[in-house]
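The values are calculated or read from the model by the stated rules, or taken from the named source; none is laboratory data. In this text the structure is predicted, and so the values were computed from the model without any measurement. Backbone-built Cβ (ideal geometry, glycine too); neighbour counts: all protein chains shown. Side chains are part of the model used for accessible areas, which takes the heavy atoms of the whole protein and leaves out ligands, DNA and RNA. Shrake-Rupley method; radii C 1.70, N 1.55, O 1.52, S 1.80 Å.
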Amino acid sequence: MDSSALPSLPHLLIVDDHSEIRDLLKRFLSQHNYRVSVAADGNEMEKCLRDNSIDLIVLDLMLPGKDGLTLCRELRVHSNIPVIMLTAMGEEVDKIIGLEMGADDYLPKPFNPRELLARVKAVIRRFNAIPEGKSVLQSKVDSVEETQDKESYVYHFNRWCFDIGQRELTDRDGIAVSLTSAEFTLLKVFVEHPRKVLSRELLLDLAKGRETDVYDRSIDTIISRLRKKLEIDHKKPELIKTIWGGGYQLVCEVKHD
């Protein structure tokens with residue numbers, strides 16, 4: 001199909017020197033309603049950017065010639081196009097450097113293409129949601145400040161007290177219930193968005209960036225474990241409801257202090 005016949009679809013640029021990865025991602029992302037161009041190195045990337053309007057770049061860190069960090073840094077001088085950095089390295093320092101260079105997200109290899117798809121959707125959604133007249137950087141700063149304010153909240157819902165700062169969940173009798181990192185993160189998302197229907201994709205987006213292992217299909221398992229800890233009868237949940245075709249919803253009132 002001629003990509004010029006699809007002007008309304010988001011246009012992605014995959015920059016990776018491995019032809020197998022480029023071809024795989026191009027086929028997969030094209031099947032999910034994206035226009036996809038590919039480049040093997042920085043020169044091809046720069047040519048594609050000159051010739052096309054690109055909505056997001058998936059950029060490999062290790063490239064011949066200029067590496068991904070250098071390309072990302074140079075891109076940020078004149079463009080705010082969102083960038084998801086790919087790398088075979090899993091060290092935290094690489095992630096930090098990539099984000100400092102201006103990347104919007106980071107995904108270590110090997111990865112599931114579906115996780116990349118979820119991150120592409122999330123980054124584009126966040127980028128398009130930036131208020132008019134506000135810079136990308138200021139929007140990120142505001143988001144960080146808002147998150148830091150919420151880190152000291154103590155939430156009260158149903159018969160539970162959820163202390164974010166202490167990372168502690170207790171019942172009305174003061175008995176603590178242990179939570180894994182993933183359970184803590186998803187419960188935090190729910191109490192921050194009470195009575196809102198949250199799709200798996202949105203849950204993944206809201207959980208992203210926190211210190212936990214929350215991935216696409218793991219969300220169902222984590223919610224099942226949360227129900228066993230929160231519900232009187234986890235087989236008949238009254239707090240976290242499944243909204244068929246929509247996602248999940250924390251249905252009770254939530255207060256915080």
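Does segment 83-93 contain at least one residue that is closer than 18 Å to Arg119 by Cα and either modelled with pLDDT of 90 or more or among the acidic types (Asp, Glu) (or both)?
yes
For every residue, the table says whether it meets (1) open to solvent by less than 60 Å² (accessible area, probe 1.4 Å); (2) at pLDDT 85 or above; (3) more than 22 Å from Asp163 (Cα to Cα); (4) not aliphatic (A, V, I, L, M).
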{"residue": "Lys208", "(1), (2), (3), (4)": "no, no, no, yes"}
{"residue": "Asp213", "(1), (2), (3), (4)": "no, no, no, yes"}
{"residue": "Glu231", "(1), (2), (3), (4)": "yes, yes, no, yes"}
{"residue": "Gly246", "(1), (2), (3), (4)": "yes, no, yes, yes"}
{"residue": "Lys255", "(1), (2), (3), (4)": "no, yes, no, yes"}
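I'm trying to understand the selection: among the residues of segment 55-90, which are among the polar types (S, T, N, Q) and crowded, with 16+ Cβ neighbours inside 10 Å?
Thr87
Output the residues belonging to segment 12-54 that are crowded, with 18+ Cβ neighbours inside 10 Å and under 19 Å from the mean Cα position of the chain (by Cα).
Leu12, Leu13, Ile14, Leu25, Leu29, Tyr34
From the list Leu204, Leu226, Leu179, exactly one residue is at pLDDT below 90, in a helix (DSSP H, G or I) and of a type outside the set (Lys, Arg). Which is it?
Every option except Leu204 fails the conditions.
Would you check which residues across segment 239-257 are free of Cβ contacts under 8 Å to residues at least 24 places away in the same chain and not basic (Lys, Arg) and list them? Steps first, please.
From segment 239-257, those free of Cβ contacts under 8 Å to residues at least 24 places away in the same chain are 241-242, 244-245; that's our starting set.
If the condition is that a residue be free of Cβ contacts under 8 Å to residues at least 24 places away in the same chain and not basic (Lys, Arg), then Thr242, Trp244, Gly245 are the ones that fit.
Taking Asp149 and the conditions (1) open to solvent by 80 Å² or more (accessible area, probe 1.4 Å); (2) modelled with pLDDT of 65 or more, which numbered condition does it fall short on, given that it satisfies the others?
Just one mismatch for Asp149, condition (2).
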